[in-house]
Amino acid sequence: MFVVLLSVQMGYFVSVVPLLRRAGRQCIEQLRPLLHSSEPTQDDLIVRFSTTRPLVLPLAAVAGAILAVGLQEAQFSRFSAWLGDPDAALGEMFTVLMAWTTWSIGLSAVVVVISDVSAMRRLGLSYVTIDLLRIEQLAAFSRYGLHLAGAVVGLMVLWSVILVLITSLIGSTMTERTGYVGIVMVVTYICLSITVFIYPQLGIRERVRSEKARLNEQLTSLLPTSHQTVEWARVDPQRLAALLSTKADIQSVSEWPTGELTRLRLAFYLLVPLLSWSAAALVEELVSRLLS
């Protein structure tokens, strides 16, 4: 059963990187009309999303080995048991190797996704042309962040199910400590989901903010002073109204390129960790009572 659970985790990590890379490529395709720079750095940021195969990084493999050995010993005293019964080592070695592979692939996926998110932030910060009157063109950044939040929520649900199965196998029951661990996990995953949703948009938000400040300064310079306003209203009221209306439109533009539907989907995603952990705790309690 442990091998099956590890295989499921490994399959999730292997599949999530290509899906997020495709989401990044879709984001770039939607932003393509706004990318006019000829710098090689922009091309490098775009090309990285064309590779969708999962990667195993050497340092991640080393860190995965350390984590696998440490957690196996801390949870099951596996290596201490091997010293007392060397014949059991061969049979359980496959489980340890699977844990090592799972951690290596998982850490590699995390590193790759973090670098992709940083690339998306840099793309918005330096290479996207901003048109505040067509701010909806930048919604691709929020959709990409929503895919990232969905991947984090999916991992939370997967680990909730795995925790139920593991505790059922070892005959454990719900305790107060387990409840606290669940609360910490839920809060952690909610915060992580919000972080991965926001971070790719930080670059474009800074650009939108600076563009709003620049245009507001220009519009302010075109407006009359306070003692000239009455004269303008009498001589050229249409121009005064147009300037004031444009200034108001610019100021009302949201600095976050996030639509209402995207915000609603994010709110739903944030409910999933809480619901998944509550459901996992309920199932765990029911299974423990049936077994007892």
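No lab work stands behind these numbers, since they all come straight from the coordinates. Here the structure is a predicted model, which means the values were calculated and not measured. Backbone-built Cβ (ideal geometry, glycine too); neighbour counts: all protein chains shown.
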* Asked: Mind ordering 235-244, 263-272, 137-146, 189-198 by average Cβ neighbours within 10 Å, highest first?
  -> 137-146, 189-198, 263-272, 235-244
* Structure fact -> Expressed in nanometres to one decimal, the distance between label points 7 Å along Cα→Cβ at ILE194 and LEU223 is 3.4 nm
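Can you give me the relative contact order of the range 1-129 as a percent, contacts being Cα pairs under 8 Å and 6 or more apart? All intermediate terms of the calculation are to be shown ahead of the outcome.
Values: 114 pairs, mean separation 56.3, N = 129.
So the answer I get is 44 percent.
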* Structure fact -> With 0.36 nm assigned to each residue of separation and the Cα-Cα distance removed, ILE183 to LEU34 gains 49.3 nm
